[in-house]
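Okay, structure first, notes after.
The values are calculated or read from the model by the stated rules, or taken from the named source; none is laboratory data. Every value quoted in this text rests on a predicted model; they were computed, and no experiment measured them. FYI the Cβ positions are ideal-geometry reconstructions off the backbone, even for glycines, and counts take in every protein chain you see. What goes into the accessible areas is simple: the full protein's heavy atoms, side chains included, and nothing from ligands, DNA or RNA. Shrake-Rupley method; radii C 1.70, N 1.55, O 1.52, S 1.80 Å.
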Amino acid sequence: SSPGGPSLGGTLRPCDTAAMHALRIPWFSAVILHFRSLTGGLEEQIVSVQPLIVVVKDFATHSECLELLRLIELCHGKEMPECHEQRSRLHKKGNETVGEKKRPWRNSTSFTLELNGELDGAVDALVRRSHLLARHPITYGEGVQVASYHAGDYYEFHHDSLMRRATVLLYLTDVPEGDGGETIFPLVRAPNIPDDASAPLPPAVVATPKEKRDFEKSDFKVRHMEEMAPYCDSDFYLKIRPQAGTAIMFFSYRPDYSQDSYAIHGACPLKRGHKAIFQRWMRFEENSLIEKSSQVVREARTLWGYKRLLQPGNFSETTTTRLALKAARDLPTGAGDNGQKILRSIGDEMPPELSVGAVVAVVAASGVITLTADS
């Protein structure tokens, strides 16, 4: 088998991301790394390098989980106009089937919030926290969705939609061990499985790479996917059991912006109880709905972090300005006139609040003048 679990029919390149080269380790299968998060000191556990999968326990409080569960109950009762309930389209269409049993690819229920619905206290806090975890601009996120699973519900193997760089899943409910509902990555070994252990089942996914063209955004073509249930029953593959308050984040793209085929995953069939997950997708492009939304939403999203910024100093009042002008005057004959002309023309065109650092950088780049700490 290839690094990172069962191969994709031996057709895809092995794990070779920049992150792994930087770490100088070919693969993690029995090692879990722990880091401190930007999100209030929470601990991030890296359980896989390719795909990069991070687990964060206590990502949300018990009360935050309960508040989201309350909101989807309001949505189900049509008491929350900014929330929309939808039974999976893959279930309704009926022609999206798996294997010989001809059953639906997915049969869960989704609750999708409009942008103004995301400003609810608990939801807004979790959205911001998710973007801090992913180190991703908050305006580059899809609308919040909560997926609800009941006994018998599942989501077969799939790769998240194109342009979704990363996915944050937050479990809102506990599912006891043995009751199913795990998030499974069928192309990644569980942490306790040795690298040289043979997979007990055939490759879950068979795919071939394809020559990427300008109009194509996918780097591989899936030829065949096995039914998920046998892989969920095995302890060989990486599975994460739902625990209320625990979040997982995984990246569907490598650092070189190519799709990571090993990020294929699924939701194991739920045998008993109720599973609910908060979902936030981090995209490569900005959410176009934000600029069309209300002023309240635009201020809450596009201006997030604005108060943390320190305004640049006035161009005419800085010591650096005087040093730059003095240096231009002191240039050797033949260069000073040109250097001073550049400084004057740039100064005439730049807004007064912009720092002179940009001016010095441009002038230095022109080859006319270079300032050092001794200037």
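Within region 202-217, the set of residues being open to solvent by 50 Å² or more (accessible area, probe 1.4 Å) and either modelled with pLDDT of 90 or more or of a type in the set (S, T, N, Q) (or both) comprises Pro202 only. Here the strands (runs of 3 or more DSSP E) wholly within region 228-283 that include at least 1 residues being over 18 Å from Ile193 (Cβ atoms) and of a type in the set (D, E, K, R) are 274-283. Scoring Glu177 on the criteria (1) surrounded by fewer than 23 Cβ atoms within 10 Å (Cβ to Cβ); (2) under 21 Å from Ala204 (Cα atoms) leaves a single failure, condition (2).
Considering only region 94-113, state which residues are at pLDDT below 95 and not polar (S, T, N, Q). Within region 94-113, Gly94, Glu96, Val98, Gly99, Glu100, Lys101, Lys102, Arg103, Pro104, Trp105, Arg106 meet the criteria.
Each residue in region 279-301 was checked for being in contact with a strand residue (DSSP E or B) (Cβ under 8 Å, 6 or more places away or on another chain), open to solvent by 10 Å² or more (accessible area, probe 1.4 Å) and among the hydrophobic types (A, V, I, L, M, F, W, C), and 2 of them qualify. When restricted to residues that are within 13 Å of the chain's Cα centre (by Cα) and among the polar types (S, T, N, Q), region 260-286 contains 1.
Reported count of residues in region 43-88, each being farther than 26 Å from Leu133 by Cα and either open to solvent by 60 Å² or more (accessible area, probe 1.4 Å) or in a helix (DSSP H, G or I) (or both), is 11. Considered as a group, the residues in region 218-239 that are among the aliphatic types (A, V, I, L, M) and open to solvent by 20 Å² or more (accessible area, probe 1.4 Å) include one that is nearest to Leu66 (Cα to Cα), and that residue is Ala229.
Once region 110-169 is narrowed to residues that are assigned to a helix (DSSP H, G or I) and out of contact with any helix residue (DSSP H, G or I) (no Cβ under 8 Å at 6 or more places or on another chain), the residue that is surrounded by the fewest Cβ atoms within 10 Å (Cβ to Cβ) is Leu132. Return a yes/no flag: does region 262-278 have any residue that is surrounded by 14 or more Cβ atoms within 10 Å (Cβ to Cβ), more than 25 Å from Tyr140 (Cβ to Cβ), without any contact (Cβ under 8 Å) to a residue 60 or more places away in the chain and of a type in the set (A, V, I, L, M, F, W, C). Looking through region 262-278, none of the residues is surrounded by 14 or more Cβ atoms within 10 Å (Cβ to Cβ), more than 25 Å from Tyr140 (Cβ to Cβ), without any contact (Cβ under 8 Å) to a residue 60 or more places away in the chain and of a type in the set (A, V, I, L, M, F, W, C).
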